[in-house]
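Remarks on the structure that follows.
What follows is calculated from the coordinates using simple rules that are stated; it is not laboratory data. Note that this is a predicted model, so its numbers are computed, not measured. Because the Cβ atoms are built from the backbone with ideal geometry, glycine has one as well, and the counts that use them run over all protein chains shown.
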Amino acid sequence: MQLQLLCDRLRHYHVASANSTINTYSRLFLLDELGLSVLDRVRFACEDLETRMKILEQPGAPNPRRVKLFVAEKGLDIPYEVVELNKGDHRAAEFTALNPVQRVPVLVLDDGTAISESVAICRYLEGIHPDPNLFGSSPLETATVEMWTRRMELGLLFHIAQCFRHTHPAMAVLENPQIAEWAEANKPRAMEYLSVLNDALGQHDYVAGNRYTIADITALVAIDFMKPARLQVPEDYAHIKRWYDVVAQRPSSQLR
């Protein structure tokens, strides 16, 4: 039990700090509690735990991109491993054992624990690396960020994705059958939420208030995904344009 607790603390020290020197000293301090020899302590402390944590993803897909932007905003260095959906990698037994619903992204911890679903992954990372805060710092702000994240995910990104999945030729392998009528039915639903977003951005600088949060990440990914879905933001949505010009310049936004 003592060993497990210390290992958990070591893992959190490592992920929560971007400074490898601090990580090593933190480990050595904790490992002293185990009574190990100096050589064993150094060997254990210098194990690269962070490189054993990894994220399985499909580059360019919207949900993996949400996690990628979140990781970048946190300043974390977590390696990525590509799962090629068009080749059926997500249906392989090894991947299915990690995520039985066969979707990316998946965060695999150093002990083999797998966490799927984009927001769940981001919540875990926020928990072990709380700064900068991206989920809200008070009960009201946390609820507001959650509200807007769900609106942007379920009201905007979902409908845009349906337009893409049911019309783009590259998706024929994954979306069988493709139903063009369903894509058309989702277009006005996506535009409805764009209108809601534009009105909100007329009241505050960012999606959920006056600072950047995970709600902005979801909204940005959704709007960028409009291009392959062959949708456009209306020209007169000036508030979205103002906001997009700001958030698109963030270094994390350049990631795909």
Do you know which of the residues in the range 102-140 that are within 12 Å of the chain's Cα centre (by Cα) and among the polar types (S, T, N, Q) is surrounded by the most Cβ atoms within 10 Å (Cβ to Cβ)?
Ser118
Ala143 fails exactly one of (1) among the aliphatic types (A, V, I, L, M); (2) surrounded by 13 or more Cβ atoms within 10 Å (Cβ to Cβ); (3) assigned to a helix (DSSP H, G or I), namely (2)
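Report, by residue number, each residue of the range 188-216 that is part of a loop (DSSP other than H, G, I, E, B) and either in contact (Cβ under 8 Å) with a residue 60 or more places away in the chain or out of contact with any Lys or Arg (no Cβ under 8 Å at 6 or more places or on another chain) (or both).
Narrowing the range 188-216 to residues part of a loop (DSSP other than H, G, I, E, B): 202-205, 207-208, 210-213.
Result: Gly202, Gln203, His204, Val207, Ala208, Asn210, Arg211, Tyr212, Thr213.
So, in the range 224-237, of the ones that are of a type in the set (A, V, I, L, M) and in contact (Cβ under 8 Å) with a residue 40 or more places away in the chain, which residue ends up farthest from Leu194 (Cα to Cα)? Steps first, answer last, please.
Of all residues in the range 224-237, those of a type in the set (A, V, I, L, M) come to 226, 229, 231, 233.
Of the ones still in play, those that are also in contact (Cβ under 8 Å) with a residue 40 or more places away in the chain are 226, 229, 231.
On the way: Met226: 11, Ala229: 15, Leu231: 11 Å.
Step by step, filter the range 224-237, then rank; the result is Ala229.
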For the range 161-176, what are the residues that are under 19 Å from Val221 (Cβ atoms), out of contact with any helix residue (DSSP H, G or I) (no Cβ under 7 Å at 6 or more places or on another chain) and without any contact (Cβ under 8 Å) to a residue 60 or more places away in the chain?
none
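Look through Asn99, Asn63 and report the one residue that is buried (at least 19 other Cβ atoms within 10 Å of the Cβ), touching a strand residue (DSSP E or B) at 6+ places or on another chain (Cβ under 9 Å), within 18 Å of Leu255 (Cα to Cα) and not aliphatic (A, V, I, L, M).
On the way: Asn99 fails: within 18 Å of Leu255 (Cα to Cα).
The match here is Asn63.
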I'm trying to understand the selection: among the residues of the range 114-160, which are free of Cβ contacts under 8 Å to residues at least 12 places away in the same chain, out of contact with any Leu (no Cβ under 6 Å at 6 or more places or on another chain) and β-branched (Val, Ile, Thr)?
Thr142
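Do the conditions hold for Lys54, that is, is it in contact with a strand residue (DSSP E or B) (Cβ under 8 Å, 6 or more places away or on another chain), of a type outside the set (Val, Ile, Thr) and under 18 Å from Gly112 (Cβ atoms)?
Numbers: in contact with a strand residue (DSSP E or B) (Cβ under 8 Å, 6 or more places away or on another chain): yes; of a type outside the set (Val, Ile, Thr): yes; under 18 Å from Gly112 (Cβ atoms): yes.
For Lys54, the condition - in contact with a strand residue (DSSP E or B) (Cβ under 8 Å, 6 or more places away or on another chain), of a type outside the set (Val, Ile, Thr) and under 18 Å from Gly112 (Cβ atoms) - is met.
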